[in-house]
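For reference, the structure discussed in these notes is given below.
What follows is calculated from the coordinates using simple rules that are stated; it is not laboratory data. Just so it is clear, the model here is predicted, and its values are computed rather than measured. Counting neighbours? That spans all protein chains shown, and the Cβs are built from the backbone with ideal geometry, glycine included.
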Amino acid sequence: MKRRFVIAVGMLIALTFTAAGQNTEVQDLAKQWASLRDATLSVAKAMPDDKYSFRPGANDPSFAELLVKMADNIDAQFAEITGQKSPFARPETLGAETVQKLVSESFDYGAKTIGELKEAGLDRLRAKVLRALADAAAYRGQAETYLKAKDMVTAEEADRRKFLFYGFLAAWLLVCLYVVAISLRERRLRGELDRVKRLIENREPGKSENVSL
Amino acid sequence: MRQKVILLFAVVAAGLLAWDLYKIAYVMPDEVQQVPFYKIMYFHVPSGILSLSGFFVAMLASIGYLWRKDLRYDAVAVAVTEVSLVFATVLLVTGSIWARVAWLTWWNWEPRLTSMLICWILYAGYLMLRRAIDEPHQRARLSGVLSIFAFVDVIIVWKSIEWWQQNLHPRPVLKVRGGSGMSPGMEAPMWWNLLALALIATILMMLRFRQENVKREIESLRRYAHAM
């Protein structure tokens, strides 16, 4: 009985560790992909709707065209991984809402494909998934340069700048508070010294005591 | 003479800081991952260097007192400790703000942060202990022993990023600590800022040292007045 119990517990522990160890790489890839999706959509949302037609140079794609190209690329790469036809369909208009939806759907397609990957088959597909990640990251970086060219930042970067300001403010506030504290203490000590000196003078023979410690 | 030195240090520190702040805000490029946020390091790192080296000086001054029984050493120890504690506070606060952005949490109980917090508590305790004891030599003796004891934690803070490999805190970056160094042109403002903050710290220590002497003078005059 006892032996059976030990074997059962042992198997349970082994199963737990096996389950925990499964799909770790797939989960990591999915996490990276989700993070890239958020960062890309953050860039897309930071650009005002009327600036989607902005292009840095005459021969460069507009911001909207760049994102559409990105969506096309993501769909094509993940279609190659799954062996299916790319779901990409070029929109008729390139408005901000349409483009953001297109990019979001492409990332969802990528996320679905990554989620369905099996650890065993990853050796064959790893290079393709990593290439899709690298390409998407490069597109996102390129899109962000469009924002910078327009002196705009993403919501996350604005948040970081706010914290940077808080950091500088806190550092200087602490030093300034200490300087104020030192000045106040200096004044108190000088007053105290004068009082004690006066007390001693008054205690000398022939003088009345009118100062207390 | 002392006033002139303080004034000179203040002018140099103000000039250096103004130039440095301009460089940090407008000239330094953004970092790839943290964009402009890494710039908080220009205050975080110098504050760390100043506070830890200040605690080292305080320990030396405490040893000096215990050896010579001269209260001037004790005055140096308390002045340096108090100013170092201010910079240790700057270190913890700026570090916490950095953690909020980089790790998405204000605090993490990892070795570097935990040992630094313990360090802060130990030296705050040092200042509280001093307030609790009236007799100058007894105060200097006990706080001196605490200062030497507390310095063990400073060593742990210093070496923690090497001893614990799984630290969340970044491993040494600066070349002087065996790191790979910062990109060209990014490290120099750090050292200039350190110099400016060191001058400010020196001014504060000189003022605090003078206050400690005035305090001693008041105490001896009080004893004299009581004896009259």
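A few comments on the model shown:
- Set of aspartates and glutamates with alpha-carbon distance to A:Lys148 below 13 Å, sequence-local pairs under 8 removed: A:Glu157, B:Asp30
- Neighbour-limited loop hits for chymotrypsin sites (Phe, Trp or Tyr not before Pro), the stretch A:77-153 (at most 14 other Cβ within 10 Å; DSSP other than H, G, I, E, B): none
- Of the GluC sites (Glu not before Pro) found in the stretch A:95-151, those that fall in a DSSP loop while having at most 13 other beta-carbon atoms within 10 Å are A:Glu116.
- Estimated inter-spin distance, A:Asp159 and A:Ala138, nm [label 7 Å along Cα→Cβ]: 2.9
- Radius of gyration and maximum dimension Dmax of the stretch A:76-213, Cα, Å: 35.2, 111
- Inter-site label distance for A:Arg198 and A:Lys45 at 7 Å from Cα along Cβ, in nm: 6.6
- Near A:Leu94, no amide H atom lies under 5 Å from its own; only residues 5 or more places off or on other chains count, and H is placed 1.01 Å from N.
- Gain on full extension, evaluated as 0.36 nm per residue between A:Thr145 and A:Arg190 minus their Cα-Cα distance, stands at 10.3 nm.
- Cross-linked pairs A:Lys197/B:Lys4; A:Lys162/B:Lys175; A:Lys85/A:Lys112: Cα-Cα separations exceed 21 Å for A:Lys197/B:Lys4; A:Lys162/B:Lys175.
- Cα-based helix-to-principal-axis angle, B:111-132 vs chain B, degrees rounded to 10: 20
- Pair A:Gln27, B:Ala225: separation of 7 Å Cα→Cβ label points (nm): 7.1
- Debye-formula intensities of the stretch B:152-228, expressed as log10 I(q)/I(0) at q = 0.16, 0.22 Å⁻¹, are -0.83, -1.05 (one equal scatterer per alpha-carbon, no solvent).
- To the nearest ten degrees, helix B:41-68 and the longest principal axis of the Cα atoms of chain B are 30 degrees apart.
- Normalised by the number of residues in chain B, the mean separation of alpha-carbon contacts (under 8 Å, six or more apart) gives a relative contact order of 29 percent.
- Candidate cross-link partners of B:Lys23 among the lysines, defined by an alpha-carbon separation under 17 Å and a same-chain spacing of 8 or more, comprise B:Lys39.
- Kirkwood hydrodynamic radius computed over chain B comes to 19.2 Å, based on all pairs of distinct alpha carbons.
- Here's the picture: a label point sits 7 Å out from the Cα of B:Leu117 along the beta-carbon direction, and within the stretch B:82-109 the residues with their amide nitrogen under 11 Å of it are B:106-109.
- Cα-based convex hull volume of the stretch B:90-147 per residue, rounded to whole Å³: 78
- Kirkwood hydrodynamic radius of the protein assembly as shown, Cα pairs, Å: 27.1
- Radius ratio Rg over Rh of the stretch B:1-119, counting only Cα atoms, Kirkwood formula for Rh: 1.07
- Along the stretch B:94-109 the Karplus relation, 6.51 cos²θ - 1.76 cosθ + 1.60 evaluated at θ = phi - 60°, assigns HN-Hα couplings of 5, x, 5, 5, 4, 4, 4, 7, 7, 10, 6, 8, 6, 8, 9, 7 Hz to successive residues, with x for each Gly and Pro.
- A:Phe54-B:Lys175 FRET efficiency (beta carbon distance; Förster radius 60 Å; 0.05 resolution): 0.90
- Taking B:Gly125, B:Gly15, B:Gly179 as the candidate residues, the one with maximal mean-square fluctuation in a Gaussian network model of chain B, Cα springs under 10 Å, is B:Gly179.
- In order through the stretch B:141-157: 3J(HN,Hα) via Karplus (6.51 cos²θ - 1.76 cosθ + 1.60), integer Hz, x for Gly, Pro: 5, 5, 5, x, 5, 5, 4, 5, 4, 5, 5, 4, 5, 4, 5, 5, 4
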